Amino acid sequence: MTVDIRMNNKICAIWKTTSKTESTAIVLPDGCRDLIVKSVNNEKPEWFISPLFNQAKAVNIEKNASLTGFRLRPGVRLSEEKLLTTIVHQPFYQDEVCNLLDDWTTVDSRIEEALACLASDVSSVKQASLRLGVNIRTLQRLIIIGTEKTPGYWFQLARIRKAARSLSPSVSFAETADVYKFSDQSHMNKEFKRWFNLSPSALLGNPSITQQLYSAGYG
């Protein structure tokens, strides 16, 4: 996979991958939605938008498939139907796709601030609401309307991704659990399996999957 980092307030990366054989890819939840175009041999390109995953997902990739993804920053809202209706009639030029994404997406600074806070050093959603100066119900309403996910989703996603990136053979899992405010190592193990379908030790031993944690994403 090749990645082109785009530093703007809507697109955080553009990635490309090809598959010479039929394969299955494991996609970890990253808090981002991607506009993806897939072409197989000389067939007409297919456009679709990925959802926000709640856990790791196995994705089948056809033989001779070529995919390009435009990764949106966490919290960016898009008019899916209008975007897809428009884009299927356009030639695939990267800059044109970026312009269309700019036309059919919006950014709410309040959501950006809230998501940044939930991914910071706060130890709970309640602490995040206090830091933001709003009550929990207000924070919940803002995040749910803006992202269709709860503040708890974003807080837990950021924590598990940060904990996963910090895994090291030289640091015990109990220490990692303590640093990232899990109640104990057993709790952290359960969260790893819930989000990644892998234990911490299994994830640590699978660099082809863990490298995704260092790509553009939330937390």
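The values are calculated or read from the model by the stated rules, or taken from the named source; none is laboratory data. Small disclaimer: the values here were computed from a predicted structure and weren't measured. Don't worry about glycine lacking a Cβ; one is built from the backbone with ideal geometry, like all the others, and counts go over all protein chains shown. Only protein heavy atoms, including side chains, enter the accessible area calculation; ligands, DNA and RNA are left aside. Shrake-Rupley method; radii C 1.70, N 1.55, O 1.52, S 1.80 Å.
In the range 5-18, the residue that is modelled with the highest pLDDT out of those that are surrounded by fewer than 13 Cβ atoms within 10 Å (Cβ to Cβ) and of a type outside the set (V, I, T) is N9.
Restricting attention to the range 19-50, the residues being over 20 Å from Q90 (Cα atoms), surrounded by fewer than 17 Cβ atoms within 10 Å (Cβ to Cβ) and in contact with a helix residue (DSSP H, G or I) (Cβ under 9 Å, 6 or more places away or on another chain) number 2. Residue check: is R77 surrounded by 13 or more Cβ atoms within 10 Å (Cβ to Cβ) and in contact with a Gly (Cβ under 9 Å, 6 or more places away or on another chain)? Yes; evaluated as a whole, the condition is true for this residue. Once the range 38-66 is narrowed to residues that are assigned to a loop (DSSP other than H, G, I, E, B) and of a type in the set (D, E), the residue that is farthest from E80 (Cα to Cα) is E62. Residue check: is T85 in a helix (DSSP H, G or I), of a type in the set (S, T, N, Q) and either modelled with pLDDT of 95 or more or over 27 Å from L157 (Cβ atoms) (or both)? It is true that T85 is in a helix (DSSP H, G or I), of a type in the set (S, T, N, Q) and either modelled with pLDDT of 95 or more or over 27 Å from L157 (Cβ atoms) (or both).
Restricting the first member to the range 65-94 and to residues that are under 16 Å from I36 (Cβ atoms), and the second to residues that are open to solvent by 30 Å² or more (accessible area, probe 1.4 Å) and part of a helix (DSSP H, G or I), the beta-carbon pairs closer than 7 Å and six or more apart or on different chains are Q90/E96.
Among the residues of the range 181-219, the one identified as open to solvent by 70 Å² or more (accessible area, probe 1.4 Å) and either in contact with a Gly (Cβ under 6 Å, 6 or more places away or on another chain) or aromatic (F, W, Y) (or both) is Y214. In the range 92-100, the count of residues that are closer than 18 Å to K10 by Cβ, surrounded by 14 or more Cβ atoms within 10 Å (Cβ to Cβ) and in contact with a Ser or Thr (Cβ under 7 Å, 6 or more places away or on another chain) is one or more.
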